[in-house]
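These notes are about the structure you will find just below.
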Amino acid sequence: MSPRGYVALAILTAVGAAGCAERHWTKTGATVEDFNRDSHACGLEAQRGVYAGIPVNKFAYRSCMRARGYQFVEGGQWVGLRD
């Protein structure tokens with residue numbers, strides 16, 4: 001295998017391994033009710049101005065959740081909108 005092939009294989013392996021890690025939202029002291037309320041509000045905000053074919057602006061959703069104090073980490077507590 002050529003050096004390029006090894007580099008491509010390494011990149012694909014790294015991307016595959018990163019895709020297997022489960023990342024979810026977490027916030028110290030928040031309840032499931034807090035999360036559901038905030039996730040819903042951020043989901044509605046992320047739908048504003050979005051064109052057909054893309055249901056939610058993921059960047060807007062993530063920014064909104066982070067602004068409310070949540071972190072998107074491995075092993076987090078709650079699953080928000082599919083990222």
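Pairs linking a residue in the range 28-49 that is on the phi < 0 side of the Ramachandran plot to a residue that is part of a helix (DSSP H, G or I) and surrounded by 10 or more Cβ atoms within 10 Å (Cβ to Cβ), with Cβ atoms under 6 Å and 6 or more positions apart or on different chains, are 42/61; 42/64; 42/65; 45/64; 46/60; 46/61.
Quick check on the range 14-24. Is at least one of its residues surrounded by 15 or more Cβ atoms within 10 Å (Cβ to Cβ) and at pLDDT 65 or above? Looking through the range 14-24, at least one residue is surrounded by 15 or more Cβ atoms within 10 Å (Cβ to Cβ) and at pLDDT 65 or above. Note on the range 30-52: among residues that are farther than 16 Å from residue 66 by Cβ and in a loop (DSSP other than H, G, I, E, B), the one that is modelled with the highest pLDDT is 31.
The residues in the range 69-83 that are modelled with pLDDT of 80 or more, in contact with a Phe, Trp or Tyr (Cβ under 8 Å, 6 or more places away or on another chain) and either farther than 15 Å from residue 21 by Cβ or in a loop (DSSP other than H, G, I, E, B) (or both) can be counted, and the count is 4.
The values are calculated or read from the model by the stated rules, or taken from the named source; none is laboratory data. What you see is a predicted model; the values in this text were computed from it and never measured. Ideal geometry is used to build each Cβ from the backbone, glycine not excepted, and the neighbour counts take in all protein chains shown.
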